[in-house]
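What follows is a short report on a single structure.
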Amino acid sequence: MKKIILLYLFPLFIAIAVFLCFNGSLRTVFFMESNSPNDSSFRFLENFRDNEFYENQFLSNNDSLETIFLLGSSELTISTAGIPYNFITDHFKTKLKGIGHAGNQCFSIYSQLLANENKIKNAPIVIILSPVWFQDNNAKGTSSSLFLEFNSPRFLNNIIHSTPDTFKEYETRRISDFYEEISNASLNLKTLHFEYQASKSPLHKYFYTPIIAIDKLLAGLQKTNNNLVKVGPFIRKPIISEPININWDSLYVLSKQEQINKSTNNKWYIDNAYYSEYIKGKTSTVTIVKEEDNQELKDFKMLMKLLKAKQVNVSFIIIPLNPFYYTNSKELSPIINSLEKEIIDNKFPFLNFWNADSTTFDNGVLRDIMHLSDYGWYKADKFIIETYKLSK
């Protein structure tokens, strides 16, 4: 009890006194107000940069048309002509924006969407699922550092003020799973952690309720600078279907040959430079994690429930691993089949590139061991264009 008072209650009471006694200029110092950029034309962001402007742009549309959002991890960081945030944005009135980098896995995406639940009904969202999320250490789920990179105090504040339900309960539990890893946790993060602790028993609730109340009082004092909550449902815009004809067969042939031409120093269809620097003839294996121990798979299934309940206009792309490099990738097929079954059961559109058989693998669809080439991206472009009816 003394530890709790010293660590939490005393600092909180001091903070309240500071805010009541000093003028608004100090609030800017304490909460680091910053000027927002004025550029909504971005195509890709690795993360929101803890910036309110970019966070408000998330799942928003432009003045007259809808915007499609592509969420994923490291595959989005290699900008090419074929990647959807370039190809679709260059060819269609309806634009597409990409958000994510390595580590932006299922729980990170879940939390971003939960923080913006007023926007997600009918929102056109494409989620890229990488097999490496579900194996080895990645199967433990989104890391605490990556979670904080994509879920700022502003996003967490939205979740704090959301209606209590199973989705919020899952959020608080997962935050509590890695809370002890975080030093100098934000007030919002503490509040969600304490809410989960309070749910454990009547005694926990009795103990944590006063702490939560004080945290929420302080959060109210931060409201001007730390709140993205929107009142009422977000109005979605139409997706325009245009008379644009693309010769996909020709595009596939040319881009596949281009990838093969880039892979002359190996038989695994990997870019020469990547192969020379990282591979050099070496192979690797995936580390299989049992389903019951696979937190990433559990996060995926909860993400699916959120997407279904909130009626999101979502689709999925499952990317492959290079079966020449990952010699036992077939062992990951049961997990991939589980992902596909969840998607089918929820009646969401999907494109599945997975093929762990090196004898039938679509050579050239990857540029390295796990990232799509332009040939692969053009197949993804066609899927997105047809799914969201961008062309007549």
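Tabulated results
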read-out: Filter result for ASN322 (surrounded by 21 or more Cβ atoms within 10 Å (Cβ to Cβ), more than 19 Å from the chain's Cα centre (by Cα), assigned to a loop (DSSP other than H, G, I, E, B) and not hydrophobic (A, V, I, L, M, F, W, C)); value: yes
read-out: Unique match (being modelled with pLDDT of 90 or more, farther than 30 Å from LYS389 by Cβ and part of a helix (DSSP H, G or I)) among GLU258, GLU277; value: GLU277
read-out: Pairs where the first residue, in the stretch 177-201, is closer than 18 Å to ASP215 by Cα and the second is of a type in the set (Lys, Arg), C-beta under 7 Å, 6+ apart; value: THR191/LYS216; TYR196/ARG173; ALA198/LYS205
read-out: Residue, surrounded by the most Cβ atoms within 10 Å (Cβ to Cβ), within the stretch 137-166, restricted to residues that are modelled with pLDDT of 95 or more and among the β-branched types (Val, Ile, Thr); value: THR142
read-out: From GLU195, GLU169, residue being over 30 Å from PRO238 (Cα atoms), in a helix (DSSP H, G or I), charged (D, E, K, R) and at pLDDT 95 or above; value: GLU169
read-out: Residues of the stretch 51-96 that turn out to be of a type outside the set (A, V, I, L, M), closer than 26 Å to TRP248 by Cα and in a helix (DSSP H, G or I), as a count; value: 10
read-out: Candidate set from the stretch 263-291 (those that are closer than 14 Å to ASP136 by Cα and of a type in the set (D, E, K, R)); member that is surrounded by the most Cβ atoms within 10 Å (Cβ to Cβ); value: GLU291
read-out: Selection from the stretch 363-381 of residues that are out of contact with any strand residue (DSSP E or B) (no Cβ under 9 Å at 6 or more places or on another chain) and either surrounded by fewer than 18 Cβ atoms within 10 Å (Cβ to Cβ) or among the polar types (S, T, N, Q) (or both); value: ASN363
read-out: Subset of the stretch 326-362 [under 18 Å from ILE270 (Cβ atoms), crowded, with 16+ Cβ neighbours inside 10 Å and touching a Lys or Arg at 6+ places or on another chain (Cβ under 8 Å)]; value: PHE353, ALA356
read-out: Selection from the stretch 236-276 of residues that are closer than 30 Å to GLN311 by Cβ and among the small types (Gly, Ala, Ser); value: SER241
read-out: Filter result for the condition that a residue is assigned to a strand (DSSP E or B) and in contact with a helix residue (DSSP H, G or I) (Cβ under 7 Å, 6 or more places away or on another chain), over ILE270, ILE317; value: ILE317
read-out: Some residue of the stretch 122-136 being more than 15 Å from LEU372 (Cβ to Cβ), crowded, with 23+ Cβ neighbours inside 10 Å and aliphatic (A, V, I, L, M); value: yes
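This table checks each residue for (1) more than 23 Å from PRO84 (Cβ to Cβ); (2) touching a residue at least 12 places away in the same chain (Cβ under 8 Å).
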site	(1), (2)
ARG236	no, yes
LYS256	no, yes
TRP268	yes, yes
ASN272	yes, no
ILE279	yes, yes
GLU296	yes, yes
PRO323	yes, yes
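The values are calculated or read from the model by the stated rules, or taken from the named source; none is laboratory data. It should be emphasised that the depicted structure is a prediction, and the values quoted were computed from it without experimental measurement. Heads up, the Cβs are rebuilt from the backbone with ideal geometry, glycines too, and the neighbour counts pull from every protein chain shown.
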